[in-house]
1. Restricting attention to segment B:160-188, and to residues there that are at the interface with chain A (Cβ under 7 Å from one of its Cβ atoms) and touching a strand residue (DSSP E or B) at 6+ places or on another chain (Cβ under 7 Å), which single residue is nearest to A:Val53 (Cα to Cα)?
2. Might you check whether a residue that is among the β-branched types (Val, Ile, Thr) and either surrounded by fewer than 15 Cβ atoms within 10 Å (Cβ to Cβ) or in contact with a Cys (Cβ under 9 Å, 6 or more places away or on another chain) (or both) occurs anywhere in segment B:64-71?
3. Suppose we filter B:Asp321, B:Asp267, B:Asp313, B:Asp284 for residues that are away from the ligand (no atom under 16 Å from the Cβ), within 22 Å of the chain's Cα centre (by Cα) and modelled with pLDDT of 95 or more; which single one remains?
4. Name the residue that is nearest to the ligand (Cβ to nearest atom), counting only residues in segment B:148-159 that are closer than 19 Å to B:Cys194 by Cβ and of a type in the set (S, T, N, Q).
5. Just one of the numbered conditions (1) surrounded by fewer than 20 Cβ atoms within 10 Å (Cβ to Cβ); (2) at the interface with chain A (Cβ under 7 Å from one of its Cβ atoms); (3) among the polar types (S, T, N, Q) is not true of B:Gln250; which one?
6. From the list B:Val215, B:Val191, B:Val199, which residue is of a type in the set (Val, Ile, Thr), closer than 24 Å to B:Gly82 by Cβ, in contact (Cβ under 8 Å) with a residue 12 or more places away in the chain and at the interface with another protein chain (Cβ under 8 Å from one of its Cβ atoms)?
7. Collect the residues in segment B:24-55 that are within 22 Å of the chain's Cα centre (by Cα), in a helix (DSSP H, G or I) and more than 14 Å from chain A (Cβ to nearest Cβ), keeping them in residue-number order.
8. For segment A:44-65, give me each residue that is among the polar types (S, T, N, Q) and either in a helix (DSSP H, G or I) or under 11 Å from the mean Cα position of the chain (by Cα) (or both).
Amino acid sequence: MSNQFKILLFAKVKEVIGKDSIFIDLPLDESTSFNLIRKLKHIYPQISSTLEVSLLAVNQEYISRDQDIKINSNDEIAIIPPVSGG
Amino acid sequence: MEKYIKEHTLKPNEIERYGRQLITPDIGVSGQMSLCNSSVLIIGAGGLGCPVALYLSSAGIGTLGLVDYDTVEISNLHRQIGHRESSKGISKAVSLSKTISELNSLIKVNTYETTFTSETAMEIIKNYDIVVDASDNVATRYLVNDACVLTGKPLVSGSALKWEGQITCYNYNNGPCYRCIFPTPPPVETVTKCSDGGVLGPIVGVIGSLQALEVIKILTNNKEGVLSGRLLIYDGMSAVFRTVRIRGKQSGCNVCGDKPTVTQLIDYTQFCQSNYSESAGKVDDRVDKTLIITVEQFNQSIKNNNNNHLLIDVRPKIQFDICSLPNSNNIPIEEIDKKESIEIIEKLIKEKVENNNNNNNNNENRDASDELSVYLVCRRGNKSQDAVKILDEKLKEFRDKFKLLHIKDGLLGWNESIDDSFPIY
Ligand SMILES: [Zn+2]
């Protein structure tokens, strides 16, 4: 059994992956923020370095990147890289 | 007997001018007085800085400071609505201040035609109540943040690219600073600039207008609603605003935390590995000399030997469609290391080599200059260096069949030195 997560992409990660959202599957007992980031880096190695400096939000709440938290399949997950243009 | 009672110092002409805003709930006389007595520093007089400055000046902010080292170009005008065609070539700070003075002669504008750096920041910032980050580059964003933390000024920060924008207030009412949220500068290669990725006028217009509104809220003491501890993201393409709750002030933050390691301004160009400007300028060589050709040499060599070369343009298709050199093949840098792309390039090379051999069989005067050349070109000669490295590696088995060269300074160089009619953007 696995959970499917919808990930909203912004700025650089949207540009590189070429989509504004993607779906990621994680096994039920491995559905955590660390595993999600790990899997994203594995599938999209080209965004690895951007992921390092991006903000991760679950249900529009900032998630500390030092803490591994449990995520549920209905959670709205967003990856928000810094934008510096203007 | 007095003709009327007016227990404040707003003059009749100010009451007339600011009337609609004066009668707006939560502004009133005291709010307007605060605006008129305040000073706001705007870093950047570009896409964001223009709407911020236009709205704040018309709202009657007493003193505005405009910092920008750059001059107005025609390519700015689609989004930088505070400048005019007649300002081409003059300082952006001066140009914007001229527009403002025609809009509202009651306010004072100070212009700083200089780069905001660790050396100039503190002297400028100390005269203002609030700072607006309307800059376009990473190094300036960290500099402005640290300067605001060190001087205790609220910072209204906006940014935009393509169809998207972000805005939040830092260092306000014990909220987080930029470093609390983004402690590490992004690696240079992950940063897309507006000059490469593009940006739309209404996007910077929306974000800049929101920044002006946050300034007005802060100055009129409408604390509750201030966009602090929240990041607003605007996706203009899908017409969605999202607000993400960001973490609060971090006790471990290097500049606003309990034990800050940054207690005075540092060298942000070094910290961020990038300049206090968006403009790219000339690109440094990163590849071996043997892989580089200048636009002049390239021009000469295609004149001498027009058929025996392959020109690969590695710009994104959206840019290639604007204008390209004759006989160029578009293989964007993002795709060049993919199997299909390599196969296409191999096929093109083989065709050229065969063609060449056939011609040479008919012609006894064969020499080394007949060797096939594969040229890589992009806009500025930056990505073509990455492309040359990738192809040098991926085409190892064929490397004795052709010369591989990236065109230094790219199509901008071509426009500058060879053909000034080649459109630049
Ligand atoms: Zn901080």
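1. Just the residues of segment B:160-188 that are at the interface with chain A (Cβ under 7 Å from one of its Cβ atoms), to begin with: B:160-161, B:164, B:166, B:181-182, B:184, B:186-187.
Within this subset, residues satisfying the condition of being touching a strand residue (DSSP E or B) at 6+ places or on another chain (Cβ under 7 Å) are B:160-161, B:164, B:166, B:181.
Values: B:Ala160: 17, B:Leu161: 17, B:Glu164: 18, B:Gln166: 16, B:Ile181: 9 Å.
For segment B:160-188, the residue satisfying everything is B:Ile181.
2. Step one: filter segment B:64-71 for residues among the β-branched types (Val, Ile, Thr), giving B:67, B:71.
Now narrow it down to the ones that are either surrounded by fewer than 15 Cβ atoms within 10 Å (Cβ to Cβ) or in contact with a Cys (Cβ under 9 Å, 6 or more places away or on another chain) (or both): none.
Among the residues of segment B:64-71, not one is among the β-branched types (Val, Ile, Thr) and either surrounded by fewer than 15 Cβ atoms within 10 Å (Cβ to Cβ) or in contact with a Cys (Cβ under 9 Å, 6 or more places away or on another chain) (or both), which makes the answer no.
3. Numbers: B:Asp321 fails: within 22 Å of the chain's Cα centre (by Cα); B:Asp313 fails: within 22 Å of the chain's Cα centre (by Cα); B:Asp284 fails: modelled with pLDDT of 95 or more.
None of the others qualify; the one that does is B:Asp267.
4. Checked segment B:148-159; the qualifying residue nearest to the ligand (Cβ to nearest atom) is B:Ser157.
5. Against the list (1) surrounded by fewer than 20 Cβ atoms within 10 Å (Cβ to Cβ); (2) at the interface with chain A (Cβ under 7 Å from one of its Cβ atoms); (3) among the polar types (S, T, N, Q), B:Gln250 comes up short only on (2).
6. Working: B:Val215 fails: at the interface with another protein chain (Cβ under 8 Å from one of its Cβ atoms); B:Val191 fails: closer than 24 Å to B:Gly82 by Cβ.
The unique qualifying residue is B:Val199.
7. The answer is B:Leu54, B:Tyr55.
8. Taking segment A:44-65 as the starting set, the residues that turn out to be among the polar types (S, T, N, Q) are A:46, A:48-50, A:54, A:59-60, A:64.
Of everything in segment A:44-65, those that are among the polar types (S, T, N, Q) and either in a helix (DSSP H, G or I) or under 11 Å from the mean Cα position of the chain (by Cα) (or both) turn out to be A:Gln46, A:Ser48, A:Ser49, A:Thr50, A:Ser54.
The values are calculated or read from the model by the stated rules, or taken from the named source; none is laboratory data. No experiment lies behind these values; they were computed from the predicted model shown. Ideal geometry is used to build each Cβ from the backbone, glycine not excepted, and the neighbour counts take in all protein chains shown.
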